[in-house]
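Worksheet: one structure, shown below.
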Amino acid sequence: MADALSVINPATEALVHELPIDDSAAVAQKYAQARRAQPDWAALPLADRIQSILRFRSLLVERVDALAALLTSETGKPITQSRSEILAVPGRIDFFVENAAKVLAPDLVYYEPANALTGMGTLEEVIGHDPLGVIANISAWNYPYFVGGNVFIPALLMGNAVLYKPSEFTVLTGGAIASLLHESGIPQDIFISVVGAGLTGAALLEQPIDGIFFTGSYATGQKIAVAAAAKLIRVQLELGGKDPAYVCSDAKVAAAAAGLADGAFYNNGQSCCAVERIYVHTDVYDEFLEAFMATVQGFKLGDPTDPDTYLGPVSRKPQLHVLADQVADALAKGATLLCGGEQLDRPGWYFAPTVLTEVDHTMTVMQEETFGPVIGIQRVASDEEAVALMHDTPYGLTAAVYGTERERAIAMLRQLKTGSAYWNCCDRVSPRLPWSGRGHSGLGTTLSLAGLYTFLQPRAWHLRAV
Ligand code: NAD
């Protein structure tokens, strides 16, 4: 098939599917469809839009088995984690639905009564909220339901049309999401899936869209920002992280080790907010390491369709080289390998869970996004040293401190430039809280009320009766 996208199963390396790529002409056609349809969608009562989204919510739950199997087939994500991702979307939908009317309601901020003496009528100042119009959502593959849903669900509720480009690595899930939304009553021209990789994404950005909502790497995010600059449209970038965690001298060590091992290895470390670097106070270092290794050695690696599997293959073959290079760089500079360190000798893109100690910040594993099952653990002598090291990357997505003293942890977290701060927890996202990154981790906010407002633009109404 010419200009086709091949979907490969990372666990078996078998071809799952091939489907045609949208070229520039197809992208322009899809844009035109969305542009024509959007005003009618925005003019519908909010209750109608909500009804469609609630039907989508029900279908996700009803069809979770088939949807999870599809996601696992194209990403290698363990089936229980695919199910968990899909089944967490309803909670996010509930938050958006509960708050949509409040956010869209016109806000009377000033009222001046009529003045019989001057003959002036009443004056009202009202803030109105208009949808942006037609937005592009270019998405990542690691959590297509989460990172896509954080954009397209509130965008649709707020009255926008969405051109959704799923990652080329989750294109089947992207298609399934589109079908489910259409079955739920979202018009075909209001949510349109665009199929392809970077070139298709670039073609989408050439259309006269009203906003770009992107999730992906810092490198691509920069290109998106440059492409969007001339348009002066809303640009939102949810990018990578090098998220640090610190275990204080007074931490509950066993719980911290179990929580951080999960934070580092869940979804094979392929989470934007995965724990990517761990610093441990020297007083609890040995105890922490022992508990951490016990947890890691208990993770079951294998066939991602097996409900007991915790670690499957990595989702993208080229990442195997990134991981091997980071390990080799660390070992060459004096790190100690406690386990793993290489691709497994079996079919599929499996990389053994890897723990490195005696690491430092000259090593790429402590500086560049790993996005895989490799973690560096560094011993520190004080809270001050931990804070300085945690601060030492250009990323700023999340940071975690484990310890019993709340004020001590908060004081440390305040010094870090991150969008999220965790005390005795990590790798956690809530629909009620803003999700945002600082520095190389991005621009703009999803989730929380801000994650609804971001799909709107304010209009100042000056209304004088005569
Ligand atoms: P990526 O940057 O390779 O691709 C992201 C999307 O951009 C894909 O859909 C891709 O086709 C598209 N794209 C690539 N080049 C483009 C171009 N020139 N113009 C337009 N579109 C283009 O990222 P990825 O590998 O899909 O995702 C992994 C990255 O995403 C990691 O860095 C991860 O941390 C980050 N991420 C961040 C968040 C967050 O909330 N901050 C969430 C999930 C993932």
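The values are calculated or read from the model by the stated rules, or taken from the named source; none is laboratory data. Bear in mind that the values here come from a model prediction, so they are computed numbers and not experimental data. Positions of Cβ are generated from backbone atoms using ideal geometry, with glycine treated the same way; all protein chains shown enter the neighbour counts.
Enumerate the helices (runs of 4 or more DSSP H) found wholly within segment 375-453, keeping only those where 1 or more residues are in contact with a Pro (Cβ under 6 Å, 6 or more places away or on another chain) and of a type outside the set (A, V, I, L, M).
The qualifying helices (runs of 4 or more DSSP H) are 450-453.
Of the residues I138, I192, only one is hydrophobic (A, V, I, L, M, F, W, C), within 15 Å of Y31 (Cα to Cα) and within 9 Å of the ligand (Cβ to nearest atom); which?
One residue alone meets the criteria, I138.
So, in segment 165-189, exactly how many residues are buried (at least 24 other Cβ atoms within 10 Å of the Cβ) and touching a helix residue (DSSP H, G or I) at 6+ places or on another chain (Cβ under 6 Å)?
5
Is it fair to say A227 is free of Cβ contacts under 8 Å to residues at least 40 places away in the same chain, in contact with a helix residue (DSSP H, G or I) (Cβ under 6 Å, 6 or more places away or on another chain), assigned to a helix (DSSP H, G or I) and near the ligand (Cβ under 10 Å from one of its atoms)?
The answer is yes for A227.
Tell me, please, whether a residue that is under 30 Å from S58 (Cα atoms) and more than 14 Å from the ligand (Cβ to nearest atom) can be found in segment 143-154.
Yes, because at least one residue in segment 143-154 is under 30 Å from S58 (Cα atoms) and more than 14 Å from the ligand (Cβ to nearest atom).
Please verify whether D329 is charged (D, E, K, R) and either under 22 Å from A381 (Cβ atoms) or touching a Gly at 6+ places or on another chain (Cβ under 9 Å) (or both), treating the condition exactly as stated.
So D329 does not fit the description; no.
Being surrounded by 15 or more Cβ atoms within 10 Å (Cβ to Cβ), modelled with pLDDT of 95 or more and under 30 Å from E168 (Cα atoms), is that true of even one residue in segment 109-129?
No - not one qualifying residue is present in segment 109-129.
Of all the residues that make up segment 230-258, how many are in a strand (DSSP E or B), more than 9 Å from the ligand (Cβ to nearest atom) and of a type outside the set (K, R)?
Qualifying residue count for the region: 6.
Is it the case that V195 is within 20 Å of D23 (Cβ to Cβ) and of a type outside the set (D, E)?
Yes: the conditions hold for V195.
Considering only residues that are more than 21 Å from S84 (Cα to Cα) and part of a helix (DSSP H, G or I), which ones fall in segment 155-189?
A155, L156, L157, H182, E183, listed by residue number.
Kindly evaluate P131 against the criterion of being within 16 Å of the ligand (Cβ to nearest atom), touching a helix residue (DSSP H, G or I) at 6+ places or on another chain (Cβ under 9 Å) and in the same structural domain as R234 (by TED's automatic domain parsing).
no
Is it true that L163 is more than 16 Å from the ligand (Cβ to nearest atom), at pLDDT 95 or above and assigned by TED's automatic domain parsing to the domain that holds Y31?
Judged against the criteria, L163 is not a match.
Does T80 satisfy the condition of being away from the ligand (no atom under 16 Å from the Cβ), closer than 30 Å to G302 by Cα and among the hydroxyl-bearing types (S, T, Y)?
Spelling it out, T80 is indeed away from the ligand (no atom under 16 Å from the Cβ), closer than 30 Å to G302 by Cα and among the hydroxyl-bearing types (S, T, Y).
Check K77, K102 and return the single one that is basic (K, R) and not in a helix (DSSP H, G or I).
K77
Checking N267 against (1) within 11 Å of the ligand (Cβ to nearest atom); (2) surrounded by 20 or more Cβ atoms within 10 Å (Cβ to Cβ); (3) without any contact (Cβ under 8 Å) to a residue 60 or more places away in the chain: exactly one of these is not met. Which one?
Just one mismatch for N267, condition (3).
Search segment 137-164 for residues being of a type in the set (A, V, I, L, M, F, W, C) and more than 16 Å from the chain's Cα centre (by Cα), and hand back the single one that is surrounded by the most Cβ atoms within 10 Å (Cβ to Cβ).
Checking each candidate, the answer is A161.
Would you be able to say whether some residue in segment 439-448 is hydrophobic (A, V, I, L, M, F, W, C) and surrounded by 15 or more Cβ atoms within 10 Å (Cβ to Cβ)?
The answer is yes; a qualifying residue exists.
Six or more apart or on different chains, Cβ under 7 Å: which pairs go from a residue in segment 167-195 that's in the same structural domain as V151 (by TED's automatic domain parsing) and closer than 23 Å to T220 by Cα to one that's among the basic types (K, R) and assigned to a helix (DSSP H, G or I)? Could you list them?
Listed pairs, sorted by first residue: I192/K30; V194/K30.
Got a sec? Which of V466, V429 is among the β-branched types (V, I, T) and either touching a Leu at 6+ places or on another chain (Cβ under 6 Å) or at pLDDT below 95 (or both)?
When all the criteria are applied, what remains is V466.
Test A155 against the stated conditions and say whether it is in the same structural domain as R234 (by TED's automatic domain parsing), of a type in the set (A, V, I, L, M, F, W, C), over 24 Å from A25 (Cβ atoms) and at pLDDT 95 or above.
Yes; evaluated as a whole, the condition is true for this residue.
Residues are listed down the side, and each one gets a yes or a no for (1) within 23 Å of the chain's Cα centre (by Cα); (2) within 16 Å of the ligand (Cβ to nearest atom); (3) assigned to a helix (DSSP H, G or I); (4) of a type in the set (A, V, I, L, M, F, W, C):
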residue	(1), (2), (3), (4)
V296	no, no, yes, yes
A324	no, no, yes, yes
V355	no, no, no, yes
T362	no, no, no, no
